[in-house]
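In what follows, a structure is listed as structure tokens, so that the remarks can point back to it.
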Amino acid sequence: MAVPTTMRAIELAGIGGPEALRLTNRLVPAPKSGEVLIRVEATGVNRVDIIQRTGAYTPPYGVTDIPGVEIAGTIAALGPDVADHRVGDRVCALVIGGGYAEYCAVPAPQVLPLPGGYDMVRAAAIPETLFTVWTNMFDHGRFATGETILIHGGASGIGTTAIAMAHEFGARAVFVTAGSAEKCAACDRLGVTRSINYRLEDFVRIVREQTKGRGVDVILDMVAGNYVPRNLSCLAPDGRLVLLGLMSGTREIEINASQIMMNRLSVTGSSLRGQSIAQKTRIAQALENQVWPKLAAGRMAPVIDTVLPLERASDAHRRLEGGHHVGKVVLTLV
Ligand SMILES: NC(=O)c1ccc[n+]([C@@H]2O[C@H](COP(=O)([O-])OP(=O)(O)OC[C@H]3O[C@@H](n4cnc5c(N)ncnc54)[C@H](OP(=O)(O)O)[C@@H]3O)[C@@H](O)[C@H]2O)c1
């Protein structure tokens, strides 16, 4: 496969609104040792891209300034010391940046085959949410079959993936919060036990009522702020609160220590992007073994809200920031 020297990419012309995303030409990256070069055909849009664009998040040192953390495409070249992949393989990958471009270099262990029957759009919609939900739900949340779970932001990219994962891994009950009747209805269609419109209802009261006062075993929380003490009030004994986002914008919180002690609660969380390649490799292997067969069998699938061409990256960000989407927004490059 002939690889050109330059490529189309979206760059950030400074910190700002969606208009700061600008189509440009960049040099095609050369894959380093242990990396593959992927000719990108689709790339997922994530909240972290917006956080980066607005200046609230700086990519790790040495990482490209081109946004985009998940891609699907075809392997165009191999760097030195890559054994498990071939030029021409159709793949998807979790990347640390650079997804909004025609070519992207990725550590080989973060590259996964396209799940059976998947096209590039659907494949580009899965790496970021699956890696995130897997590690937070199982590694940190220690979720087990037969347990109950509360997922905040149920209609988000992360939330819709977490709902599917909870169902497929044997949740006894799945509760979600969302900010509108339409989003709650979308979560209901995904089969949740009870969606909670947090603008109209108190999630603590509903969860406690629904669980006969016991609370849930695991909470995935992308909101933080004043949700944290309220989460502690609807966790079951030995429950785990997993923090994975800061949608409230509030980092500092006050909590009741005795509540944690009396109910033996765990408060944990994680951020995926800065984790080592070894940690991401371990998650990738778990996903390929345990989730890829479910995707291929159609037992779970990404919820896709909007698909736009790369040059409309600004509109893709507007869609996500508008807050009316359900599931994922994806950009296409071919
Ligand atoms: N820890 C990690 O490694 C990791 C990895 C990926 C993503 N994340 C985080 O996960 C979250 C979701 O990411 P995404 O890409 O799926 O984004 P997304 O689809 O844009 O979803 C964001 C969701 O947050 C909800 N929300 C916004 N403001 C809120 C508020 N003040 N209170 C309650 N809910 C609010 C919105 O739902 P409503 O309209 O229903 O409120 C929306 O569905 C983000 O915080 C992101 O940073 C973390």
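The values are calculated or read from the model by the stated rules, or taken from the named source; none is laboratory data. Quick caveat, the model's predicted, so the values are computed rather than measured. So basically every Cβ, Gly included, is an ideal-geometry build from the backbone, and we count neighbours across all protein chains shown. These area figures cover heavy atoms from the full protein model, side chains too; ligands, DNA and RNA do not enter into them. Shrake-Rupley method; radii C 1.70, N 1.55, O 1.52, S 1.80 Å.
Taken over region 246-272, the residue count meeting the criterion of being assigned to a loop (DSSP other than H, G, I, E, B), open to solvent by 70 Å² or more (accessible area, probe 1.4 Å) and on the phi < 0 side of the Ramachandran plot is 9.
Say we look at region 61-72 and pick out the residues that are within 13 Å of the ligand (Cβ to nearest atom) and not in a strand (DSSP E or B); which of these is nearest to Glu128 (Cα to Cα)? For region 61-72, the residue satisfying everything is Val69. Out of all the residues in region 148-167, is one or more in a helix (DSSP H, G or I), more than 16 Å from the ligand (Cβ to nearest atom) and crowded, with 19+ Cβ neighbours inside 10 Å? Taking every residue of region 148-167 in turn, none turns out to be in a helix (DSSP H, G or I), more than 16 Å from the ligand (Cβ to nearest atom) and crowded, with 19+ Cβ neighbours inside 10 Å.
Residue-wise test of (1) surrounded by 24 or more Cβ atoms within 10 Å (Cβ to Cβ); (2) touching a residue at least 12 places away in the same chain (Cβ under 8 Å); (3) within 27 Å of Ala297 (Cα to Cα).
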position	(1), (2), (3)
Arg90	no, yes, yes
Ala93	yes, yes, yes
Tyr100	yes, yes, no
Leu114	no, yes, yes
Gly117	no, yes, yes
Val121	no, yes, yes
Thr129	yes, yes, yes
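Just the residues that are part of a strand (DSSP E or B) and out of contact with any Ser or Thr (no Cβ under 9 Å at 6 or more places or on another chain), please, taken from region 106-144.
Correct list: Val106, Val111, Leu112, Pro113.
Check region 267-274 and report whether any residue there is within 16 Å of the ligand (Cβ to nearest atom), hydrophobic (A, V, I, L, M, F, W, C) and over 19 Å from the mean Cα position of the chain (by Cα).
Residues of region 267-274 within 16 Å of the ligand (Cβ to nearest atom): 267-274.
With hydrophobic (A, V, I, L, M, F, W, C) added as a condition, the list becomes 267, 272.
Keeping just the survivors that are over 19 Å from the mean Cα position of the chain (by Cα) gives 267.
Yes: one or more hits.
For region 314-329, the criterion of being open to solvent by 60 Å² or more (accessible area, probe 1.4 Å) and away from the ligand (no atom under 14 Å from the Cβ) is met by no residue. Among the residues of region 168-191, those that are open to solvent by less than 20 Å² (accessible area, probe 1.4 Å) and within 13 Å of the ligand (Cβ to nearest atom) comprise Val176, Thr177, Ala178, Gly179, Cys184, Ala186, Cys187.
Which residue is nearest to Glu128 (Cα to Cα), if the candidates are limited to region 232-245 and must be in a strand (DSSP E or B) and open to solvent by less than 40 Å² (accessible area, probe 1.4 Å)?
So the residue we want is Val242.
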